[in-house]
1. With a probe of 1.4 Å, find how much accessible area the range 8-67 has per residue, and write the answer as a whole number in Å².
2. Mind listing the phi-derived Karplus ³J(HN,Hα) values for the range 183-200, rounded to whole Hz, using 6.51, -1.76 and 1.60 with θ = phi - 60°, and x for any glycine or proline?
3. Please state the relative contact order of the chain as a whole percent: Cα pairs under 8 Å, 6+ residues apart?
4. Tell me, what is a quarter of the convex hull surface for the C-alpha atoms of the range 21-127, in nm² with one decimal?
5. Could you tell me what percent of the accessible area of the chain is made up of carbon and sulfur, with a 1.4 Å probe and every protein chain present?
6. So for the pair Arg103, Ala49, with labels modelled 7 Å out along Cα→Cβ, what separation do we get in nm?
7. Based on the Cα atoms of the chain, what semi-axes does the equivalent ellipsoid have, where each is the square root of 5 times one gyration tensor eigenvalue, given in whole Å with the largest first?
8. In deg cm²/dmol, rounded to 500, what helix-only [θ] at 222 nm does the chain give when every DSSP H run of at least 4 residues adds -39500 (n - 2.57) and the total is split over its residues?
Amino acid sequence: MTAGDADATARVVVADDQAMVREGIVLLLGLLPGIEVVGAAKDGDEAVALVAAHAPDVVLMDLRMPRCDGVEATRRIRAAHPATHVVVLTTYADDDSLFAALRAGARGYLTKDADGEEIARAVADVVSGRAGLAPAVQLRLLEQVTAPVTSAPAELPDGLTRREAEVLALVAEGLSNAEIARTLHIAAATVKTHINNLFAKAGVRDRAQAVRYAYRHGLAQPPGTSVT
C-alpha cells in the first residue's frame, strides 16, 4: 500500500503479549474495511521477525512486552524496514512511554480504549504520511511544547524522571491521585505507578514525607513562599 492509495488494503501486524488482548485486536481489525491482518506477535522479537517475513504497512505495537519491548522493537523495525510504520497501542499514556516510543520512530500513538474507527483512522494516517495520534496525545504534545520554563533544578535528585518530579509537585499541592490524573491527562493507575516509583527513589514512606522531600529539593514551593 502506498501513500495516497485510498482504496488499497493496509497490511497489519499486531504485537501484544496478552493472548486475549492480541486475539481481540485481531478480531476487531478483521471487521474493519481496508485492513488485513498478516501476523500476530506475542513480543517484540516476534514482531520484528514478522515484519521481515511479511513486509506489512503497519505494526500495531504494545509497549510492555517480555524479551523485547515495544520501544526496542519499534527502533529495530524502523531501522531495518523503513517502509513499515508503527502505531503504538498501549495502556500507558505517560510522558516516559510516549516520548520513548516517538523517539524510537513510532508514527502513531493510541491507548487501548480506542475504538475500531480510531484505530482504522490511525492506520490510514500513518500510511498516508501523517501522524496517527489520539487527541489526548496530541494535547499532551502541545502542552509540552508550550509549557513555561519552571524553576525545577536541571538535574533531578535520586534519579527522578521529569514526569515523576511533575507528579511530586502536584502531590505537594495537595492533589489526589484522581486530580493528578486529570491534570496530566493520564490514567490514575499511571499516577499510582509514578508515585510508587518516586517514593522508592526518594526513600519516603508517605505523602507527607514526599512533600517535605519536594520542598527540600526545590521541586515545589511551600505555601506562602513567593518566587522572585
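The values are calculated or read from the model by the stated rules, or taken from the named source; none is laboratory data. Here the structure is a predicted model, which is why all the values come from computation and not from measurement. No Cβ is skipped: glycine too gets one built from the backbone with ideal geometry, and neighbour counts run over all protein chains shown. Calculation scope for accessible area: heavy atoms of the full protein, side chains included, ligands and nucleic acids excluded. Shrake-Rupley method; radii C 1.70, N 1.55, O 1.52, S 1.80 Å.
1. Per residue, the range 8-67 has an accessible area of 45 Å².
2. 5, 9, 6, 10, 6, 4, 5, 5, 4, 4, 4, 4, 5, 4, 5, 6, 4, 5
3. Relative contact order of the chain: 14 percent.
4. Reported value for the Cα convex hull: 5.8 nm².
5. 55 percent
6. Those two pseudo-labels are separated by 2.9 nm.
7. For the chain, the semi-axes come out at 38, 17, 15 Å.
8. Value at 222 nm, helices only: -15000 deg cm²/dmol.
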